[in-house]
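Worksheet: the structure to be examined is printed underneath.
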Amino acid sequence: MEAHFYNVDINWKSGRTGEMTSPELTTAVEIATPPQFPSGVEGIWSPEHLFTAAVASCLMTTFVAIAENSKLEFSDFTIKSSGKLDRTDGKFLMTEVILEPTVVITHEEDRAKAERVLQKSEANCLISNSVNSKITMVPNIIIGQ
């Protein structure tokens, strides 16, 4: 497979806010310094949120692809995630991302397959494999409709 490029443009607006766009996408996203920092802004996506979202959304897209290829039937997939920002050796780092995926399957006999698909998804997530942060997954598989 040849290399792919994903283009993102950032335009500063004012203060600690900017706008993120891509020539490949139609939606702009407002971004800002998080409120935990001086002059940070509440209620706007921060780089720290986007980092955490990149890891979580990669797990979701990887799961969906592997589930499809594995013929795993599921009716829902949600994920809660939390990115930990900490100071290490005098630098701020995203040191850990905790992922809490929930997969809803219809049949109890698919539980082991769902667990395998989740584990394989975690191991093959290209974003998780590209960062130095510790990635912790706490899966939840439930039977539902």
Review point. Here are some residues: D76, D9. Which one is at pLDDT 95 or above and assigned by TED's automatic domain parsing to the domain that holds K120?
Key: D76
Check your understanding: Quick one: what pairs do we get from the stretch 113-142, first residue over 27 Å from T88 (Cβ atoms), second among the basic types (K, R), C-beta under 6 Å, 6+ apart or different chains?
Key -> I141/R111
Check your understanding: Of (1) without any contact (Cβ under 8 Å) to a residue 24 or more places away in the chain; (2) exposed (fewer than 15 other Cβ atoms within 10 Å of the Cβ), G18 satisfies all except one. Which?
Key -> (2)
Point to revise | Residue match in the stretch 27-49 (condition: loosely packed, with under 12 Cβ neighbours inside 10 Å, closer than 30 Å to V103 by Cβ, polar (S, T, N, Q) and modelled with pLDDT of 95 or more) | key: yes
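In contact with a Pro (Cβ under 9 Å, 6 or more places away or on another chain), assigned by TED's automatic domain parsing to the domain that holds I105, surrounded by 13 or more Cβ atoms within 10 Å (Cβ to Cβ) and assigned to a helix (DSSP H, G or I): is that true of A67 in this structure?
It is false that A67 is in contact with a Pro (Cβ under 9 Å, 6 or more places away or on another chain), assigned by TED's automatic domain parsing to the domain that holds I105, surrounded by 13 or more Cβ atoms within 10 Å (Cβ to Cβ) and assigned to a helix (DSSP H, G or I).
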Check your understanding: Taking the stretch 87-124 as the search range and keeping residues that are among the β-branched types (V, I, T) and more than 20 Å from the chain's Cα centre (by Cα), which one is surrounded by the most Cβ atoms within 10 Å (Cβ to Cβ)?
Key -> I105
Review point. Which strands (runs of 3 or more DSSP E) sit wholly inside the stretch 72-141 and have at least 3 residues that are within 16 Å of A53 (Cβ to Cβ)?
Key: 76-88, 91-105
Review point. Does any residue of the stretch 27-35 turn out to be in contact with a helix residue (DSSP H, G or I) (Cβ under 9 Å, 6 or more places away or on another chain), in a strand (DSSP E or B) and within 24 Å of L126 (Cβ to Cβ)?
Key: yes
Review point. Name the residues in the stretch 66-112 that are more than 19 Å from T136 (Cβ to Cβ), among the small types (G, A, S) and free of Cβ contacts under 8 Å to residues at least 40 places away in the same chain, would you?
Key: G90, A112
Practice item. Please work out which one of (1) surrounded by 14 or more Cβ atoms within 10 Å (Cβ to Cβ); (2) touching a helix residue (DSSP H, G or I) at 6+ places or on another chain (Cβ under 7 Å) is the condition E73 fails and give its number. Key: (1)
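The values are calculated or read from the model by the stated rules, or taken from the named source; none is laboratory data. In this text the structure is predicted, and so the values were computed from the model without any measurement. Cβ: placed from backbone, ideal geometry, glycine included. Neighbour counts: every protein chain shown.
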